[in-house]
Structures are given as C-alpha cells and as structure tokens.
Amino acid sequence: MTMDIKAQNLYSELQSLATQAQSITPEANPIQGGSSGQNFADMLSSAIGKVNSMQLHSKSQAMAFELGDPNLSLAEVMIAKEKAGIAFEATVQVRNKVLEAYKEIINMPV
C-alpha cells in the first residue's frame, strides 16, 4: 500500500491561506477612532475557532482510524494531526508577539 500525501494539494491550500492573509486590510484608521480594534478581536476569535475545529477534526479522525474506519488512511490522519499542530504553534507565536507588543506599549513613557 503506497502513501499518497498529495503535497500539491497541501501547497495550494497554504498558498490560498497566504493570499487571504495578504488581502486583509483594516477598514478604519485606529487613530481616527475606527472600529479596527473590534475587527482585530473578531479576526482573532475566528482564527482561534478555526484552530480549535482543526484540532477537534484531527482528534475525531484519529479516533475513527483507531476504531478501524476503512475510509481513512494513516496518512490522512497524520496530515490532519500535523495541520492542527502547525496551526496551534502559529497561534502560540501570535499570542507571544501580541503579549510582547502589549508589554512594550505598557512600558512606554507617556
């Protein structure tokens, strides 16, 4: 049995996500009192929700594979697990950067 990972599909999905990330533009200038803070909160909440759903999907696939689902291959389960892990690591890095920026802003002289 050969493992068909379909790297091209994974690569095209990553390119699609990168294009979506580049197309995000703020709707209002925060200096002018716009609602970009709310937009950021919505975007962050959505991203965390997507990471959570990826982790739940990975867990359900792993459980189904362990129970002997003939429609799942080990490669599919491992790819879902790695995607969820990478998404979680990216979320942790974003959190670290946000906290670092917050600390810098707090320590700025007024």
What pairs come up if the first residue lies in the range 39-58 and is farther than 17 Å from Gln93 by Cβ, the second is surrounded by 12 or more Cβ atoms within 10 Å (Cβ to Cβ) and not charged (D, E, K, R), and their beta carbons are under 9 Å apart, counting only those six or more places apart or on different chains? Asn39/Ala28; Leu56/Ala84; His57/Ala80; His57/Ala84; Ser58/Val77; Ser58/Ala80; Ser58/Ala84; Ser58/Gly85
Scan the range 74-110 for residues that are loosely packed, with under 15 Cβ neighbours inside 10 Å, more than 19 Å from Gly49 (Cα to Cα) and in contact with a helix residue (DSSP H, G or I) (Cβ under 9 Å, 6 or more places away or on another chain) and jot them down. Leu74
Of everything in the range 47-73, what is more than 13 Å from the chain's Cα centre (by Cα), assigned to a helix (DSSP H, G or I) and surrounded by 13 or more Cβ atoms within 10 Å (Cβ to Cβ)? Give them in sequence order. His57, Ser58, Lys59, Gln61, Ala62, Ala64, Phe65
Failed criterion for Gln93 (all others in (1) farther than 21 Å from Ser45 by Cβ; (2) at pLDDT 90 or above; (3) not β-branched (Val, Ile, Thr) hold): (1)
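The values are calculated or read from the model by the stated rules, or taken from the named source; none is laboratory data. These numbers were taken from a predicted model, which means no experiment stands behind them. No Cβ is skipped: glycine too gets one built from the backbone with ideal geometry, and neighbour counts run over all protein chains shown.
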